[in-house]
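Trainee: Have a look at this one.
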Amino acid sequence: MKVLLINPKVNLPIDVRASPPLGLAYLAAMSERRGDTARVLDTEVQDTRLQELVKEYPPDVIGITANTIQIESAWQVAQELKQMTQATIVLGGPHPTVLAAESVERPEVDVVVRGEGELTWLDLCEHLDKGKSLEGV
């Protein structure tokens, strides 16, 4: 499968880049170990247009991380992607972990992962890859 992992931009008047999105790097490494190809897009430091990226690298599953200050941007990215791809859109990170119901109700989000997502991500990708139901993941 083709995996795309996105760290959405934080729209604040100050520079909030503290460190690279290590959680997404872990998910990418686990996906690659599973045999998938994976790309990480950190929109805080990369100026890549989503439409061009999806055309060049059409993903099967998209993971988007979000802290509370990123959640609006994450939903916007998910909404844009939903209009240009049939990929399953997964939202995870601190904000969806604490306020999962808020993100579950969003039509552009297919799956919300709560808590540490590495093992859930592997299980989710395995189910998607084999066309299995996501119930119970």
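None of the figures in this text is laboratory data; all of them are computed from the coordinates on show. Fair warning: this is a prediction, and the values are worked out from it, not measured in the lab. Here the Cβ positions follow ideal geometry from the backbone for every residue, glycine too, while neighbour counts run over all protein chains shown.
Trainee: Choose one of G63, A74, L91: the residue whose Cα lies farthest towards the positive end of the charge dipole of the chain (beta-carbon charges +1 Lys, Arg; -1 Asp, Glu; about the Cα centre).
Mentor: Toward the positive end, the furthest listed residue is G63.
Trainee: Here's another thing I want to ask about it. Restricting things to Cα coordinates, could you compute the convex hull volume per residue of the stretch 2-129 in Å³?
Mentor: 99 Å³
Trainee: Give me the dipole magnitude in Debye, nearest 20, for the chain about the Cα centre, with unit charges on the beta carbon: positive for Lys and Arg, negative for Asp and Glu.
Mentor: Here the size comes out at about 140 debye.
Trainee: OK, next. Name the long-range amide H neighbours of L41: under 5 Å, sequence gap of 5 or more, or other chain; modelled H, no Pro or chain starts.
Mentor: HN-HN under 5 Å from L41: L5, I6, N7.
Trainee: Something else: Rank the residues E56, E44, E135, E32 as a footprinting-exposure proxy: fewest other Cβ atoms within 10 Å of their Cβ go first.
Mentor: E135, E56, E32, E44
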